[in-house]
């Protein structure tokens, strides 16, 4: 009875508010305390403000790269064709003054996005696994360098 | 008006403002990082002494590799891009077929770089190290060109 009186007052001024409180009244049935309604409004407000507020994503540039084959390589002996046989086609070949370098590369990117009403934050991190083989002019392996950092890519905030 | 719904009404108004305001004001901050932090060469790399093999075992595979004038150049690099944008607008398109909006953005790329030049024999000739990520974001973005090098 008391609710009817109040809703009549608001009906003329703000029909939207009326429908909102009417909905809450229906949900909580008659006799619900004001505290329950307040809690419900706060919860609904939080839900509506935080809807779709977070995103996580991951992307990969994949290349099969089995580093266990590195144990079989010997500088001064292994040839370029043996490296190609073990690791497949390189991502990039660089011509150097005294030979060539084969670069094998793959990457992992992780993205995080958060939207908070008027604020939005995004963070994207990309890390690589990379192996570089140096060959002399006779296509014999002279050096190689390995960086396996793709696993270090992480989700996070931009600050 | 003595109304028991005063508190819920205030909450509803807050909720409506929170729902409507995102179309008017927004702030965005996006950071993109490529690569791990580049370790500073603390005396472990010496021009004329350090070999290519030693550098590869210390630093791993380089991020970039090229040949310049008969010398090999290895670059280890971490790139940090920061983009921030603020927009303030009044959405009037439903009423006047036009909207007023003003926005400002700043995009900054900073690089930590270790560049190593080698002779054709694979001996380190000279090196350059620069830690761009130490520059403060706003100072680097808003400062005049060359300000950072004057410090």
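Values in this text are rule-based calculations from the coordinates and carry no lab data. Because the structure is predicted, anything quoted here is derived from the model rather than measured. FYI the Cβ positions are ideal-geometry reconstructions off the backbone, even for glycines, and counts take in every protein chain you see.
With label points built 7 Å along Cα→Cβ from the Cα atoms of residue A:119 and residue B:128, find their separation and express it in nm.
3.9
Count, for each residue of A:113-121, the Cβ atoms from other chains sitting within 10 Å of its Cβ, then give me the mean as a whole number. Intermediate results must be reported in sequence, preceding the final value.
Details: counts 1, 0, 3, 2, 7, 11, 6, 7, 6.
Per residue, the average neighbour count from other chains is 5.
Stokes-Einstein at 25 °C, 0.890 mPa s, Kirkwood radius from Cα pairs: D for region A:95-143 in µm² s⁻¹? Don't skip to the end; give the middle numbers.
On the way: Rh = 14.0 Å.
D = 176 µm²/s.
Taking beta carbons within 10 Å but only from partner chains, what does the mean come to for residues A:131-144? Display every interim value, and only then the final one.
Working: counts 2, 7, 1, 6, 0, 0, 0, 0, 0, 0, 0, 3, 8, 4.
Mean shielding by partner chains, rounded to a whole number: 2.
Taking the simple approach of a point 7 Å from Cα along Cα-to-Cβ for both residue B:64 and residue B:25, what is their distance in nm?
That separation, rounded to one decimal, is 4.2 nm.
Counting C-alpha atoms alone, how compact is region A:56-152: give Rg to one decimal and Dmax as a whole number, in angstrom.
17.9, 63
Evaluate region B:23-141: find the radius of gyration of its Cα atoms, find its Kirkwood radius, and give the ratio Rg to Rh. It would help to have the intermediate numbers written out before the result.
On the way: Rg = 22.2 Å, Rh = 17.4 Å.
Using only Cα positions, Rg/Rh for region B:23-141 is 1.28.
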